[in-house]
Amino acid sequence: MALQGQEDIEEQIEEPEDFQEQDVSISPAEELPNGPGDEDSDPVLLPWDRFSAWLHCICVVGFDLELGQAVEVIYPHHSKLTEKEKTSICYLSFPDSNSGCLGDTQFCFRFRQASGRKSSVACFQDHFDRDAPVCLKRDQGHYYGYVYFRQVRDKSLKRGYFQKSLVLISKLPYVTFFHSLLKLIAPEYFEKQEPCLEAACNDIDRWSTPCPGKILTLPIMGVVMKVRIPACYDKPGTSQLVQSTQNDSLVSIVLPTIHEVDLFRCFCPVFFHIQMLWELVLLGEALVVMAPSPAESSDTVLALVSCIAPLRYCSDFRPYFTIHDSEFKEYTTRTQAPPSVILGVTNPFFAKTLQHWPHIIRIGDMKQTGEMAKQMKVKKLKNLKTLDSKPGVYSAYKPFLNRDEEIIKQLQKGIQQKRPSAAQNAILRRYFLELTQSFIIPLERYVASLMPLQKSISPWKSPPQLRPFSQEEFMKSLEKAGPQLTSRLKGDWIGLYRQFLKCPNFDGWFRNRRKEMTQKLEALHLEALCDEDLQLRIQKHTEVETVDLVLKLKDKLTQAEREQLPVKPGTLAKLQAHIESVILSLPEDLQGILHKPATP
């Protein structure tokens, strides 16, 4: 995803700093008619295709005295999971025994998908992924597990407790949405068992597919949820308000966001270090979050990953990680440096196992957001002996940028004035957004300069190549067009950029931008071809050369459709008409051959 143009971003950043009155930009979402009956935008879908667009499956994980945790039910029954995936789901669906989670607990986890398996509906899912922001695209190599765990005393059971988890397995990172969905399904399931799951799955299979930019009304278990999936063309930092209409008499739940966690609540225990944590996440440093429960662990990890939005965090992250995880040895070995990963853990064993990690965040019980952390100093790693250590950040890291005292004062003032938690969260989200944009705008500006001039595009030559990225050339550009244009923060910005250019987040961002720009060049080349008078050109060609031209044009058309190139409306139809007119100029025997569809 490309960030917005320089003018748009600068206009966006030059906003009043008083967030008490204007804590978040909200614009009405465009109401698009869609619902279970609207099928115009969807390709022909088979039974369970709609379900598969949202979820891979639903699992019930119970506890057996002899077997331990076990998957009791997978629904729909045709859903496939490997034994390794089932094992991961079993261990990750229950809190560690030390967490003492009585009652109902919700959290999420993330685990590797077995290699070599591809979804049967992957092609049409890719179509919807195209318009999604980078941080909301489907996770290609991992599944998310969204858990509703219930533990209550039950004297009729040998163990003395009823322990069971209902888990939604999905490729989509819609944490807020799926937790809201579980609040509707899980209590009903624990009361009515499997018939309830069957009914829920049938409801989901009648939903519209998760199309970015659309408002969706989603009936489930006699309730209607109304949501909007964000789109890549939304202005960063704005929230598309899902407004109620006269036809909403049946809508019970309107979700303002499908994926955002409460940053202020999550960062409260380590409040004074938010800027340092932003740097650590931006640079892909190895981070472990030690928390008392999976709910606090998973929320904090997701908050860390989202604090560099709209940049995508490109390394691995595990909102809840256990000693039974298949990557446990890989991530805890002392024979090599810790990998670029963020782990959320609750087991005290990790305090010893991960003692060699460079950055450890200790989260205590998350109290009311009105209470502020008092610990201002970063603690030394050697002081972290057990999970009972005081909350704080344990690291020897020296930040590149000077601390921003303004944001600290602004949020502290909000606490004193009892500003609503939602407003505090909006202020913090806006702060991270502007910090990330100030950092990324110079990179966007420089990378845009690598694009060849449009006049260098010739329809009868291959599209020109992008100029290579030069680190030194980029560093030189910072002198006049660096982050100082949009950020008041002082410090070693150059050092921060040098470190960023070595990390997975830069690699992922640059690959994505290079792909977008290459596709733009292909699209401009295609448009240039369409503006040519092909009939005039083929008059100078032999039949063999004309047939070769037709084959090349057909390849161009296939590529444009497959890669969904960003061409002007009508370009592909125009190219198809050009191909037809060229074919009709050839002898009939060749026309018949060229009109045959290509064999895959």
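Accessible area per residue for segment 201-348 is 32 Å², calculated with a 1.4 Å probe on protein heavy atoms, without ligands, DNA or RNA. Quick check: at a probe of 1.4 Å, how many percent of the accessible area of segment 490-600 sits on carbon and sulfur atoms? Whole-percent figure for carbon plus sulfur exposure: 55.
Using the Cβ-Cβ distance between residue 202 and residue 593 with R0 set to 45 Å, the FRET efficiency from 1/(1 + (r/R0)^6) comes to roughly 0.40. The loop-placed trypsin sites (Lys or Arg not before Pro) in segment 435-469, going by DSSP, that have at most 11 neighbouring Cβ atoms within 10 Å of their Cβ come out as 461. Split the accessible area of segment 151-232 by element, probe 1.4 Å, and carbon with sulfur accounts for 51%. Remark: segment 133-190 carries 37 Å² of accessible area per residue (probe radius 1.4 Å; ligands, DNA and RNA excluded). Oblate is the label for segment 151-299, because the ratio a/c of its alpha-carbon gyration tensor axes (a ≥ b ≥ c) is 1.5 or higher and a/b is not greater than b/c.
Applying the criteria of a DSSP loop state and at most 10 other Cβ atoms within 10 Å to the trypsin sites (Lys or Arg not before Pro) of segment 151-260 yields 155, 158, 159.
Projecting label points 7 angstrom from Cα along Cα→Cβ for residue 535 and residue 490 puts them 7.1 nm apart. Looking at this model, which pairs from 80/192; 235/490; 84/329; 515/556; 84/158; 80/515 are more than 21 angstrom apart at the alpha-carbon? The pairs that break the limit, which is 21 Å between Cα atoms, are 80/192; 235/490; 84/158; 80/515.
Distance from the C-alpha centroid of segment 259-273 to that of segment 416-476: 25 Å, rounded to the whole angstrom.
If you sort the three axes of the alpha carbon gyration tensor as a ≥ b ≥ c, you get a/c of 1.5 or more for segment 524-566 and a/b no higher than b/c, which makes it oblate.
The values are calculated or read from the model by the stated rules, or taken from the named source; none is laboratory data. Here the structure is a predicted model, which is why all the values come from computation and not from measurement. A quick note on method: Cβ atoms are made from the backbone with ideal geometry, for glycine too, and the neighbour counts reach across all protein chains shown. Keep in mind that these areas ignore ligands, DNA and RNA; they rest on the heavy atoms of the full protein, side chains included. Shrake-Rupley method; radii C 1.70, N 1.55, O 1.52, S 1.80 Å.
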